[in-house]
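S.K.: Provided herewith is a single structure, encoded as structure tokens, for subsequent inquiry.
The values are calculated or read from the model by the stated rules, or taken from the named source; none is laboratory data. Since the structure is predicted, the reported quantities are computational estimates derived from the model, not experimental observations. Positions of Cβ are backbone-derived with ideal geometry, glycine not excepted, and every protein chain shown enters the neighbour counts. Just the protein is used for accessible areas: all its heavy atoms, side chains included, with ligands, DNA and RNA removed. Shrake-Rupley method; radii C 1.70, N 1.55, O 1.52, S 1.80 Å.
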Amino acid sequence: MHTATPHHAEHNAARPRIDMGELSSHAEGPALVDAVATGARVTLHWEDGSQAHFPWMWLRDHCACPECRHPLTRERLFFPLNDIETAPSAHVTEGSLELIWADGHMSRFDPVWLYQRRLEDTTFTPAQVIPHRQPWCLDFTPERVSHGDFINGDGERQWLEALLRDGLVLLEDGPLAEEEVSRLAGRIGPMRATNFGARFDVRSKPNPNNAAYTAIGLALHVDLPNWRQPPDIQLLYCLQNEAKGGESTFADGFTVAEILREESPEHFRILSETPIDFRFQDEDHDIAVRAPIIELNEDGKPLEIRFNNWIRDTLRLPLHEVDAWYAAYRHFWQLLHDPRHQIEFALEPGQMIAFDNRRVLHGRRAFDPNTGKRHLQGTYLDLDLLESRLRVLLRQR
Ligand SMILES: O=C(O)CCC(=O)C(=O)O
Ligand SMILES: [Fe+2]
Ligand SMILES: [Zn+2]
């Protein structure tokens, strides 16, 4: 984009906010050679021989002048509420498309910006920097990023990409400092607060309101599936782990759901089509939702796993569905806890595990609080903020 003349850059500098980082590094593209007005649209021709049509209404809506897009917030100010009754005059001026509308308003468009947005080319998506989710293979081990690299080097980007791709990433060699988890989370965005607070301590407590705050072993689970919107990302920072036991376990819920589908399409169907109740209650709260254990997206792929046996509520199903539901649940449970689908390791003090709580299940072995202390500090983050942080980091390169 910065191949534009100064005059051009001035007029077309403000363009949709999502493009700011992306386009500055993809400045090259064919020159615009011709603009031919035909009815309710214009046909543009580029020097590489390609052509594309743009409706007048679309162009008017995307005008990036300071009247149509706020020069500081970069947000759209124009409302597309009136149809375009009179076609504007259209010219290629100093390489850009210049339109003068019936009311005298002028719009200028960068040729490469338009080229990348040819409406005939439906492959254009602005967010290619976000890695695709990759299912775990049988010998999956989490990527490790050192705390020092995260703070001072390229480690934060590597950490974000691994977390988005694998749903699990290990940070290591961090300080044994209270609240380090909050400081790390703060780089990404505000912590997602729940009924357990924004930042919680995981250790054996005298009057626990949650299985995590005891010393018992925790079978694989996701946190807070009793919320309509469970937390996306969980961070657990290890400060002490001297007690005997207490190893962490993880499984990729999406991968195991696919294995369930292969082994028993009927069990998969039951768990993905049958909503059940989840509910947490203590002195101050009663948070409940009804949803299936495996939620699918519109392509039939797993989108969210709700698996947490402690806060599964009374099973409220028609009598004839009950036995089949338990058989399906047992099957999924066994596959998740199959050592081939699970990874296990002890967190060391100074390590932080981060995982996608709506995809990857976590658990821990029982520990014996008489043999030493075990203390983790945890918090949650929103996936939107992770993706945002990655886009911003890549924009600065
Ligand atoms: O103690 C652990 O390792 C995990 C506890 C847990 O499940 C949690 O904090 O959500
Ligand atoms: Fe948990
Ligand atoms: Zn304008």
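S.K.: What FRET efficiency, computed as 1/(1 + (r/R0)^6) with R0 = 41 Å and r the Cβ-Cβ distance, is obtained for THR314 and ASP173, rounded to the nearest 0.05?
M.R.: My answer for the efficiency is 0.35.
S.K.: Would you mind checking which residues have amide H under 5 Å from ILE233's amide H? H placed 1.01 Å from N; only 5 or more apart, or other chain.
M.R.: ASN357, LEU381, LEU383
S.K.: Taking the alpha-carbon set of segment 196-347, what are its Rg and Dmax in Å?
M.R.: Rg then Dmax for segment 196-347, in Å: 16.3, 49.
S.K.: Same structure, new question: With runs of 4+ DSSP H residues as the only contributors, calculate the mean residue ellipticity of the chain at 222 nm using -39,500 (n - 2.57) per run, divided by the residue total and rounded to the nearest 500.
M.R.: Calculated at 222 nm, the ellipticity per residue is -7500 deg cm²/dmol.
S.K.: Go ahead and run the numbers for FRET between ARG183 and GLU247, Cβ-Cβ distance against an R0 of 22 Å, rounding to 0.05.
M.R.: The formula returns an efficiency of 0.25 here.
S.K.: Under 5 Å between amide hydrogens, which residues at least 5 positions from PHE307 or on another chain qualify, with H placed 1.01 Å from N in the peptide plane?
M.R.: For PHE307, whose amide H was placed from the backbone, the distant partners under 5 Å are VAL222.
S.K.: Across segment 304-310, in residue order, what do the Karplus-derived ³J(HN,Hα) couplings come to in whole Hz, using 6.51 cos²θ - 1.76 cosθ + 1.60 with θ = phi - 60° and x for Gly and Pro?
M.R.: 7, 10, 10, 9, 6, 5, 5
S.K.: Apply the Karplus curve 6.51 cos²θ - 1.76 cosθ + 1.60, θ = phi - 60°, to the phi angles in segment 35-47 and return the couplings in whole Hz, x for Gly and Pro.
M.R.: Values, residue by residue: 10, 10, 6, 9, x, 8, 8, 10, 10, 9, 10, 9, 5 Hz.
S.K.: Please report the spacing between the Cα centers of segment 35-78 and segment 225-301 in Å, no decimals.
M.R.: Here the answer is 45 Å between Cα centres.
S.K.: Then there is this: Straight distance only, please: which lysines reach the Cα of LYS205 with their own Cα at less than 18 Å, same-chain residues fewer than 8 apart left out?
M.R.: LYS244, LYS373
S.K.: Here is a further query. What is the packing order of peptides 44-54, 181-191, taking the mean over residues of other C-beta atoms within 10 Å and listing the highest first?
M.R.: Put in order of decreasing packing, that is 181-191, 44-54.
S.K.: Another one. If every alpha-carbon in the chain counts as one equal scatterer, what log10 I(q)/I(0) does Debye give at q = 0.06, 0.09, 0.10, 0.11 1/Å?
M.R.: Here the Debye-derived log intensity ratios amount to -0.35, -0.70, -0.80, -0.89.
S.K.: Taking the Cα centre of segment 27-116 as origin, sum charge times position over the Cβ atoms of Lys and Arg (+1) and Asp and Glu (-1), and report the length of that vector in debye to the nearest 20.
M.R.: So the magnitude is around 240 debye.
S.K.: For LYS244, which sequence-distant residues (separation of 5 or more, or a different chain) have an amide H within less than 5 Å of its own amide H, given hydrogens modelled in the peptide plane?
M.R.: Answer set, sorted by chain and number: ASP368, THR371, GLY372.
S.K.: In nm, to one decimal, how far is the ASP338 label point from the GLU94 one, both placed 7 Å along Cα→Cβ?
M.R.: My value for the distance between the label points is 6.6 nm.
S.K.: Using only the Cα atoms, work out Rg/Rh for segment 284-397, with Rh taken as the Kirkwood radius, to two decimals.
M.R.: So for segment 284-397, dividing Rg by the Kirkwood Rh gives 1.02.
S.K.: Let me ask something else about it. Take the alpha-carbon centre of segment 321-397, take the same for segment 169-208, and report the distance between them in whole Å.
M.R.: Here the answer is 14 Å between Cα centres.
S.K.: Report relative contact order for the chain in percent, whole number only (criteria: Cα-Cα under 8 Å, sequence separation at least 6).
M.R.: Averaging sequence separation for qualifying contacts and normalising by length gives 21 percent for the chain.
S.K.: Taking the solvent-accessible surface of protein heavy atoms with a 1.4 Å probe, what is the per residue accessible area of segment 185-266 in Å²?
M.R.: I get 39 Å² per residue for this part.
S.K.: Over the alpha carbons of segment 60-174, what is the largest minus smallest coordinate on each principal axis, giving the biggest first in Å?
M.R.: Cα spread of segment 60-174 along its principal axes, largest to smallest: 63, 31, 30 Å.
S.K.: Treating only the Cβ atoms of Lys and Arg (+1) and Asp and Glu (-1) as charged, compute the dipole magnitude of the chain about its Cα centre; round to the nearest 20 debye.
M.R.: Here the chain has a charge dipole of around 700 debye.
S.K.: So what are the ³J(HN,Hα) numbers for segment 61-70, from phi and the Karplus equation (6.51, -1.76, 1.60; θ = phi - 60°), rounded to whole Hz, Gly and Pro as x?
M.R.: Once θ is set to phi - 60°, the couplings for segment 61-70 become 5, 9, 4, 10, 5, x, 7, 9, 9, 4 Hz.
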